[in-house]
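Worksheet for the structure shown next.
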Amino acid sequence: MIKDYQMLSGIQKVAVLFSVVGESLAMSLIKGLSKTEVRKIRSTLKSMGAISFSVKKQVMEEFYFGFLSEQFNDEKSEDGPIQPFEFLTTLNDEQLIALLDKEDPPVIAMILAQLEPEKKMLILNKLEPELKGQVLIELGSLEGIPLEGIIEVGARLKEKSTYLPRTADFSRGGAKEIADMLSGMSSGDQERYMQTLQNENQELYAAVKTFFLTFDDIMEKFPSDIIRGLLNEVELDILPIAFKGLGEEKVKELKDMLPGKKQAMYNDDLGAKPQPKREVDNARKLFVDAAKVQEKSGAFNLEDILSGGEMVE
């Protein structure tokens, strides 16, 4: 292991810098390296073996404080502290992902450290497993990077962000789009389309199922507390029609969820009469529509329920 900083040659110091901050960031710090010089640096790094932490720290300090002090002074502002990553707040999720594409783990880790937990996980989940592990390791050692290095990364990525495409507000299709389209169809058409989708594309069928809500889904998968709330949202006269085709035991279970006054007013005679399928479909659609309104209000997450995740009563 290399423990003596004084024994390092110039090219070895550069090689150490490459190993610590990654090739991309190192080349932005040391301008004008030719392809031949870069190859020599890579070769030198491979031949050096293990390097002690203290040596790495000294190399970092030499490069950062030596080459970046002038830029650091130029960046200082009389109006307040420097905020090298403030531009990140103007980027949407897709732009953040594009910004970090092909960046080295230390740079990705540095950006993740600036983000809210939700966005951290969004970026991490887009990374390949090996790269994700490297980034997580780097996240634990960012305190070793001097302020000047952080400013350099921020300035470079800010410039890079100006070349990112600006996304427009348009539909990208996909599973949710198909589910929304199906919600406007008759139950017969819905069944035929879903059957075709299941036969032709199992993966897309499964994805659509996590967004496509049916009356049967509500009866089979929704927790009783959510169903109880929906029963109060739908007009009482609609319920006996919507319940047509359900077993007697299920209908009794649903009626028992109603408040006592509504139970007494429930129209059993209407439920006992045959009803046109179209009327039953329309009544059930009102039930589904009420569920969608509640989901939008934040009462529950439809994807969690329909994807098969465990629900706790």
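Miscellaneous remarks
- Counting neighbouring beta carbons within 10 Å and listing from fewest to most, the residues LYS120, LYS35 come out as LYS35, LYS120.
- Using the Cβ-Cβ distance between GLU200 and LEU124 with R0 set to 45 Å, the FRET efficiency works out to roughly 0.85.
- For ALA264 and GLU303, a Förster radius of 22 Å and the Cβ-Cβ distance give a FRET efficiency of 0.05, rounded to the nearest 0.05.
- Cβ-Cβ FRET estimate between PHE87 and SER186, R0 fixed at 41 Å, reported to 0.05: 0.25
- Ordering ILE123, ILE11 from the fewest to the most neighbouring beta carbons within 10 Å gives ILE11, ILE123.
- Segment MET257-LYS132, length gained on full extension (0.36 nm per residue, minus Cα span): 40.2 nm
- 13 Å beta-carbon shell around LYS119, net charge (K/R +1, D/E -1): -2
- Packing-based exposure ordering (other Cβ within 10 Å, fewest first) of LYS250, LYS13: LYS250, LYS13
- Here the gap between LEU236 and THR162, fully extended at 0.36 nm per residue and compared with their Cα-Cα distance, gives a gain of 20.9 nm.
Values in this text are rule-based calculations from the coordinates and carry no lab data. Note that the structure is predicted; figures quoted are calculated from it, not measured. Cβ coordinates were reconstructed from backbone atoms using ideal geometry, including for glycine residues, and neighbour counts include every protein chain displayed.
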